[in-house]
1. Go through region 69-93 and count every residue that is over 30 Å from I27 (Cα atoms), among the charged types (D, E, K, R) and touching a residue at least 24 places away in the same chain (Cβ under 8 Å).
2. For region 213-230, state whether one or more residues are in contact with a strand residue (DSSP E or B) (Cβ under 7 Å, 6 or more places away or on another chain) and either in the same structural domain as L55 (by TED's automatic domain parsing) or farther than 20 Å from I158 by Cβ (or both).
3. With the checklist (1) loosely packed, with under 14 Cβ neighbours inside 10 Å; (2) closer than 27 Å to I42 by Cα; (3) out of contact with any Pro (no Cβ under 8 Å at 6 or more places or on another chain) in hand, flag the one item Q163 doesn't pass.
4. Any residue at all in region 221-229 that's part of a loop (DSSP other than H, G, I, E, B) and either at pLDDT 95 or above or surrounded by 15 or more Cβ atoms within 10 Å (Cβ to Cβ) (or both)?
5. Taking helices (runs of 4 or more DSSP H) that fall entirely within region 278-323, which contain at least 2 residues that are over 21 Å from the mean Cα position of the chain (by Cα) and closer than 30 Å to F24 by Cβ?
6. Listed residues T283, T272; which is among the hydroxyl-bearing types (S, T, Y) and touching a Leu at 6+ places or on another chain (Cβ under 6 Å)?
7. I'd like to check something: does region 176-183 contain any residue that is surrounded by 13 or more Cβ atoms within 10 Å (Cβ to Cβ) and in a loop (DSSP other than H, G, I, E, B)?
Amino acid sequence: MPDSQSPHSNTRRSLDFDRFATDFERIAASVEQVLKGKPEVIRLAIACMLADGHLLIEDVPGVGKTSLARALAETIDGSLQRIQFTPDLLPTDVTGVQIWNRGTNEFEFHKGAVFANVVVADEINRASPKTQAALLEVMEEHQVTVDGTPKLVPDPFIVIATQNPIELDGTYELPEAQLDRFMMRLRVGYPNQESEMAILTQHEKRWDRAELAPVVDTARFSAMSRVANLVHLGPAVQEYIVAIAAATRTRADVRLGVSPRGSLALATLARTWAASEGRNFATPDDVRRMAPHVLPHRVIVTPDAEFRGSDGESVVNDVIEIVPVNDSGRK
């Protein structure tokens, strides 16, 4: 009897989702040792990683953007590379380069920083557009092409980028095509008073890589991603996602709406969020929970709307309130 028809398959899947939720909470608890008072941000970032997406963390200096990125990297016990993006960084520093070996009379490929499970791209908007573009292929296809030859990066592969949206001197704004490659954009925000007190109290016991032990290995991480893909996304939920995306494209105050890649990202993250709660089905509530973090950076408003104070975030919030939910999608 095929596994899909086995009387034990539903029980086994239920156990898979229970274990997924347990491991998810263990990862979140581990990262919270580093980033105090931000459980929602941490859970969203973990969901993005498990959805096989790339994460853009955008906020002012000193709120823990890089610390969060490094902590997330440590949870999966994979290889980690950190790239400090600067104006003089070259594309070959990111992807790698062919170098002539005089001893063997052959070209040898020297791997760039993207050949790791987790790549932390720190202050990504400080590099030139040419260097930023070096990430486009690898973020989409998990490979780089050097002299016409594709080179696969390790699996799993995740880019966690940080940028400061306030200090614009000497920076290069990420183009729309690059922003669209990031499944989610998060802001960390300032800690509350209690959390900041805890940070000060534990200052002498500052976190480092030796203190934050991996919670899962890369094999288990990949298995969790596969479990999330089993979450059922019913037709009513799919219709809701498509309706939200379509609504961003038809507004008079929007110059560029959500792309199909954005719709796919929203569907994938809705599945992953449902799995994090131990469910094998996604609901419109999961979509509404993920949309404000998945869609705004994919929406560009018209100059007039921007002058009036509108942005992608306000557009998405309006759309979520306006687009109706099919009640059957909640079942």
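The values are calculated or read from the model by the stated rules, or taken from the named source; none is laboratory data. The model shown is predicted, which means the values in this text are computed figures rather than measured ones. Virtual Cβ from ideal backbone geometry, glycine too; neighbours counted across all protein chains shown.
1. Total meeting the criteria: 1.
2. For region 213-230, residues in contact with a strand residue (DSSP E or B) (Cβ under 7 Å, 6 or more places away or on another chain) and either in the same structural domain as L55 (by TED's automatic domain parsing) or farther than 20 Å from I158 by Cβ (or both): absent.
3. (1)
4. Within region 221-229 (the criterion being part of a loop (DSSP other than H, G, I, E, B) and either at pLDDT 95 or above or surrounded by 15 or more Cβ atoms within 10 Å (Cβ to Cβ) (or both)), the answer is no, since none of the residues qualifies.
5. Those helices (runs of 4 or more DSSP H) span 312-322.
6. T272
7. yes
Listed here are the residues, each with its yes/no results for (1) of a type in the set (A, V, I, L, M); (2) touching a residue at least 40 places away in the same chain (Cβ under 8 Å).
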site	(1), (2)
E108	no, no
G112	no, no
V119	yes, yes
R126	no, yes
P129	no, yes
L152	yes, no
P156	no, yes
A161	yes, yes
Y172	no, yes
